[in-house]
There are 2 protein chains.
Amino acid sequence: MRLTTKGRYAVTAMLDLALSHERGPIRLAAISDRQGISLSYLEQLFAQLRRSELVSSVRGPGGGYRLGREAAAISVAQVIAAVNEDTDATRCGGAGDCQEGETCLTHHLWMDLSDQIHAFLGDISLNDLVARNEIKMISEQQQQRVAARADGDNQIQVTPV
Amino acid sequence: MRLTTKGRYAVTAMLDLALSHERGPIRLAAISDRQGISLSYLEQLFAQLRRSELVSSVRGPGGGYRLGREAAAISVAQVIAAVNEDTDATRCGGAGDCQEGETCLTHHLWMDLSDQIHAFLGDISLNDLVARNEIKMISEQQQQRVAARADGDNQIQVTPV
DNA sequence: GTAATAGTTGACTAAAAAAGTAGGTTATAA
DNA sequence: TTATAACCTACTTTTTTAGTCAACTATTAC
């Protein structure tokens with residue numbers, strides 16, 4: 001079982017996509033700015049997300065990424081699984097051959113825990129997250145911060161959305 | 001968030017203690033044999049478990065480890081916490097300063113997940129595990145295997161308990 | 001008192017994974 | 001035809017895991 005920055009980044013990036021998907025394809029550079037994730041790292045993650053068909057891409061100028069299907073049909077568990085973070089808590093991957101081919105003493109405990117985590121993460125869709133008030137507020141603050149930063153850096157007036 | 005062999009070993013070893021605690025202090029070497037965990041590694045884990053007062057030790061011949069308090073009063077969550085596996089799913093440890101001092105987009109999601117895992121693992125005591133039938137059966141098989149191994153290796157007749 | 005037992009401690013190591021970097025290639029819209 | 005942005009591969013650094021090793025101390029039994 002591991003849940004690290006990688007899985008968290010993937011979910012955060014997907015949520016960013018979900019929040020702004022009506023604005024057409026979203027550039028990874030924009031996600032990088034808003035979420036503070038390195039562009040190169042995002043590229044790696046999105047390669048995996050694409051293979052799992054959770055996103056689709058548009059190349060060239062004006063291009064970027066879209067959600068592969070509606071936000072209500074993408075669960076947090078699917079996003080985490082796509083970047084190879086296994087939410088399985090057992091050592092044996094559920095096979096029960098944890099200790100020299102036999103079942104280890106705590107196998108059933110980890111199975112139960114895995115089920116819990118799966119049930120929890122599998123039941124939350126990106127749409128559910130988009131609807132949450134805390135998330136809406138954080139998203140707005142992030143957009144303002146990015147706009148302010150562009151303003152200060154380049155003296156370019158950014159048109160508010 | 002991480003749950004690895006370390007935490008699993010700790011819980012397994014503590015459960016082994018709980019299963020045989022009426023036989024007096026248990027040597028780590030015996031746990032090592034039954035559970036297939038390296039003795040040196042067990043020593044490290046038990047040093048941490050001792051600091052958290054989850055076990056007490058008896059030195060010298062006939063010595064070993066005992067549970068620090070009754071099995072019903074030790075939760076799986078406490079054991080895992082004792083060996084430094086944090087069941088916290090956030091990056092910030094719950095502080096909410098995940099992204100350059102601000103709260104990241106998915107902070108609340110990971111907080112909720114942490115709560116779920118904590119609630120689940122905190123509610124299961126070693127005693128609960130001891131009472132489970134699958135675990136009783138696995139424990140018996142392990143004892144038989146160890147006895148058979150000693151028999152074959154040394155031609156020593158082991159007195160059954 | 002001496003030997004055996006069993007916990008106690010700390011330093012060290014190999015392997016794996018995570019996290020991030022760097023540099024180039026390809027498709028496409030303007 | 002040029003700028004853009006996805007795509008891809010290889011590499012590096014850092015952290016963590018999962019151990020090993022060696023020496024030390026307390027206690028019991030003879």
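Sequence-distant contacts, meaning Cα pairs under 8 Å at least 6 residues apart, place the relative contact order of chain A at 26 percent. Computed from the C-beta positions of A:D115 and B:E43 and an R0 of 30 Å, the FRET efficiency is 0.35 to the nearest 0.05.
Answer rounded, prolate or oblate for chain B, using the Cα gyration tensor with square roots of eigenvalues a ≥ b ≥ c: rounded when a/c is under 1.5, else prolate when a/b is larger than b/c, else oblate. Walk me through the numbers before you get to the answer.
Numbers: a/c = 2.52, a/b = 2.32, b/c = 1.08.
Judged from the Cα gyration tensor, chain B comes out prolate (a/c at least 1.5, a/b above b/c).
Residue by residue along A:64-75, Cβ atoms of other protein chains within 10 Å of the local Cβ number 0 on average. Inter-label distance, A:M137 to A:R149: 2.2 nm, where each label sits 7 Å from its Cα along the C-beta direction.
Among the lysines, which fall within straight-line cross-link reach of A:K136, defined as a Cα-Cα distance under 24 Å, with same-chain neighbours fewer than 8 residues apart omitted? Once the sequence-local lysines are set aside, what remains near A:K136 is A:K6. Screening chain B for whole DSSP H helices of 15 Å or more along their axis (Cα) with average Kyte-Doolittle hydropathy at least -1.0 returns B:5-19, B:39-51, B:107-122. Among chain B residues, the one whose Cβ is nearest the axis of the rotation from B to A, given with its distance rounded to whole Å, is B:R2, 3.
What the Cα convex hull of the protein assembly as shown gives, in volume per residue, is 158 Å³. Over the residues of chain A, the helix contribution to mean residue ellipticity at 222 nm works out to -16500 deg cm²/dmol, using -39500 (n - 2.57) for each DSSP H run of at least 4.
Scaling the Cα radius of gyration of the range A:58-124 by the globular reference 2.2 N^0.38 Å produces a ratio of 1.59.
Which of the GluC sites (Glu not before Pro) found in the range A:1-61 are loop residues per DSSP with 14 or fewer other Cβ atoms within 10 Å of their Cβ? Here the sparse-neighbourhood loop sites are A:E53. Shape class for the range A:45-87: oblate, because the ratio a/c of the largest to smallest gyration tensor axis (alpha-carbon atoms, square roots of eigenvalues) is 1.5 or more and b/c is at least a/b. How much net charge surrounds A:N133 when only other residues with a Cβ under 15 Å from its Cβ are counted (Lys, Arg +1; Asp, Glu -1)? For residues surrounding A:N133, the net value is -2. Residue ranges B:88-95, B:137-144 sort as B:88-95, B:137-144 when ordered by packing (mean number of other C-beta atoms within 10 Å per residue, highest first).
The numbers here are math on the coordinates, done by the rules we state, and not lab data. Computed from a prediction, not measured in an experiment: that's the story for all the values here. FYI the Cβ positions are ideal-geometry reconstructions off the backbone, even for glycines, and counts take in every protein chain you see.
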